[in-house]
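Here's the structure we're looking at; comments come further down.
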């Protein structure tokens, strides 16, 4: 039986990390784009779900076509399954904030609160991966925290830019 730590270490050593980060940034952009004129919670869930599906399918399609062009050979079943798994990681990253909007749809939290949680947990996830990247690459804690802050700044700038526009 694997421990939580082993599962996290396995995840951090996989290509899924890049896909979850990519999806999280897209999800964050969708949330920030919807917030100024917020639709109902179920519409946000549907928008995130549709975006997750579209981006994941585009990711898988581009991976398959790009691989076939480079290798001049068909993508085999095992590699295709790996690409589908990576696409699912993108979808997870995009769709994760739906949890907060499901809670809003169930009247467990206000819609504004769901938007806040969706933005800040997305930003926190991006920063967490930046911290892990720094530490796993051998950086000491201060440098890893600086790296986490730098990548979080990207998400923060997205939020700030959107706030300035609206």
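The values are calculated or read from the model by the stated rules, or taken from the named source; none is laboratory data. Everything numeric here is computed off the predicted structure, so don't read it as measured data. Every residue, glycine among them, receives a Cβ derived from its backbone with ideal geometry; neighbour counts consider all protein chains shown.
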Taking into account only those residues within the range 36-52 that are more than 13 Å from the chain's Cα centre (by Cα) and assigned to a helix (DSSP H, G or I), which is surrounded by the most Cβ atoms within 10 Å (Cβ to Cβ)? 44
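Residues are listed down the side, and each one gets a yes or a no for (1) surrounded by 12 or more Cβ atoms within 10 Å (Cβ to Cβ); (2) without any contact (Cβ under 8 Å) to a residue 24 or more places away in the chain:
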residue: 58; (1), (2): yes, yes
residue: 61; (1), (2): yes, yes
residue: 69; (1), (2): no, yes
residue: 84; (1), (2): yes, no
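Look through the range 1-35, keep the residues that are in a loop (DSSP other than H, G, I, E, B) and in contact with a helix residue (DSSP H, G or I) (Cβ under 8 Å, 6 or more places away or on another chain), and return whichever of them is surrounded by the most Cβ atoms within 10 Å (Cβ to Cβ).
Just the residues of the range 1-35 that are in a loop (DSSP other than H, G, I, E, B), to begin with: 1-3, 13-15, 35.
Still in the list and also in contact with a helix residue (DSSP H, G or I) (Cβ under 8 Å, 6 or more places away or on another chain): 2, 15, 35.
On the way: 2: 9, 15: 11, 35: 20.
So, considering only residues that are in a loop (DSSP other than H, G, I, E, B) and in contact with a helix residue (DSSP H, G or I) (Cβ under 8 Å, 6 or more places away or on another chain), the one surrounded by the most Cβ atoms within 10 Å (Cβ to Cβ) is 35.
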Out of curiosity, is residue 131 assigned to a helix (DSSP H, G or I), touching a helix residue (DSSP H, G or I) at 6+ places or on another chain (Cβ under 9 Å) and surrounded by 14 or more Cβ atoms within 10 Å (Cβ to Cβ)? yes
Kindly indicate which of 104, 95 is in contact with a helix residue (DSSP H, G or I) (Cβ under 9 Å, 6 or more places away or on another chain), modelled with pLDDT of 95 or more and either closer than 19 Å to residue 26 by Cβ or surrounded by fewer than 18 Cβ atoms within 10 Å (Cβ to Cβ) (or both). 95
Any idea which residue in the range 107-121 is surrounded by the fewest Cβ atoms within 10 Å (Cβ to Cβ), counting only those that are part of a loop (DSSP other than H, G, I, E, B) and in contact with a helix residue (DSSP H, G or I) (Cβ under 8 Å, 6 or more places away or on another chain)? 110
Picking from 145, 153, 158, the residue that is touching a residue at least 12 places away in the same chain (Cβ under 8 Å), out of contact with any strand residue (DSSP E or B) (no Cβ under 6 Å at 6 or more places or on another chain), closer than 25 Å to residue 13 by Cα and assigned to a helix (DSSP H, G or I) would be 145
